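Data block below; observations after.
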Amino acid sequence: HMSARRVEWMLWLQWVGASLAGLVLGVSLLLGLSQVIGGPPHKGIMGAVVGATVGALQLLVLRRRVSRLPAWMAASIIAWGIGAAMELVGGFALSIAVLAVLAGVLQWLVLRGQVSRSSWWLLASIVAWSVFLGVVAVMSQLAHPAVGIGMGFAFVGGITGVALVWMLRQSPAP
C-alpha cells in the first residue's frame with residue numbers, strides 16, 4: 001500500500017508526462033501531415049491536433065478520477081484549436097492568452113461538480129500559461145524555439161498538475 005504522498009507524486013508525474021508526451025505526439029503527427037499535404041495545415045487545425053493528443057493522454061491520467069471524459073477531450077481540442085487560430089489575428093501572446101482562458105474555463109466546466117474547489121483550475125491554467133510565455137521568451141534568446149516551447153509546456157503540466165493533485169486531495173474518494 002503506497003502512502004498518500006507517493007500516490008500524489010505519481011499522479012503529478014503521470015500528468016506532466018502525459019501532457020508532454022501529448023505535445024510531442026501532436027507535433028509529430030503534424031510533421032507527418034505536413035509532408036502528406038505539402039505544407040503546414042491551418043493554425044487552427046494544428047492546434048486542434050495537438051489539443052487532441054494532449055487531451056487524449058491526459059484522459060489516461062484522469063480516467064479513474066473524473067467522469068465526462070469526452071467533454072475533457074472536446075475542451076482540449078476547442079481551446080487549442082481556437083487558441084492557435086488566434087495567432088493569425090494577434091500573434092503568439094494573444095494565441096496563448098486565448099488558449100489559457102479557454103482551456104481553463106472549458107476544463108473547469110468538466111471538473112465542476114466532480115472535484116472540490118474546481119474553480120481554482122482557471123487560475124492554475126492562467127498562471128501556468130503565463131509562466132509558459134515567460135519561459136518561451138527567455139529560452140528563445142538562448143536556444144531553439146522548440147526547446148523553449150517544450151520547457152514552457154513542462155511548466156504548464158507541472159503547475160496544472162499541482163492544482164489537480166491539490167483539488168483531488170480536497171475531494172472525497174469516488
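The values are calculated or read from the model by the stated rules, or taken from the named source; none is laboratory data. Quantities reported herein were computed from a predicted structural model and do not represent experimental measurements. Please note: Cβ atoms are built from the backbone with ideal geometry, for glycine as well, and neighbour counts cover all protein chains shown. Heads up: the accessible areas ignore ligands, DNA and RNA and are worked out on the full protein's heavy atoms, side chains in. Shrake-Rupley method; radii C 1.70, N 1.55, O 1.52, S 1.80 Å.
In this calculation the C-beta distance from residue 144 to residue 165 is compared with R0 = 45 Å, giving a FRET efficiency of 0.90. Comparing mean-square fluctuations of 49, 135, 89 from a GNM of the chain with C-alpha springs under 10 Å, the top value falls on 89. Inter-label distance, residue 37 to residue 74: 2.3 nm, where each label sits 7 Å from its Cα along the C-beta direction. In order along segment 23-39, phi translates into HN-Hα couplings of 4, 4, 4, x, 5, 4, 4, 5, 4, x, 4, 4, 5, 5, 8, x, x Hz, rounded to whole numbers, per the Karplus curve 6.51 cos²θ - 1.76 cosθ + 1.60 with θ = phi - 60° and x for Gly and Pro.
Among 76, 125, 140, the residue with the largest mean-square fluctuation in a Gaussian network model of the chain, with springs joining Cα atoms closer than 10 Å, is 140.
Taking the three principal axes of the alpha carbon atoms in segment 61-174, the coordinate ranges are 46, 26, 20 Å, sorted in descending order. Based on protein heavy atoms only, segment 1-90 ends up with 55 Å² per residue of surface accessible to a 1.4 Å probe. For segment 32-124, give the percent of accessible area contributed by carbon and sulfur heavy atoms, probe 1.4 Å, rounded to a whole number. Carbon with sulfur: 70 percent of the solvent-accessible area.
Mean-square fluctuations from a GNM of the chain, with a 10 angstrom spring cutoff on Cα atoms, peak among 21, 48, 75 at 21.
When the Cα atoms of segment 131-174 are aligned to their principal axes, the ranges along those axes come out at 45, 13, 9 Å in descending order. The long axis of helix 120-142 is offset from the longest Cα principal axis of the chain by roughly 40 degrees. Note: relative contact order over the chain, using C-alpha pairs below 8 Å and six or more positions apart, is 21 percent. Is segment 11-111 best put as rounded, prolate or oblate by its Cα gyration tensor, with a ≥ b ≥ c the root eigenvalues, rounded for a/c under 1.5, and otherwise prolate when a/b is larger than b/c, oblate when not? Oblate.
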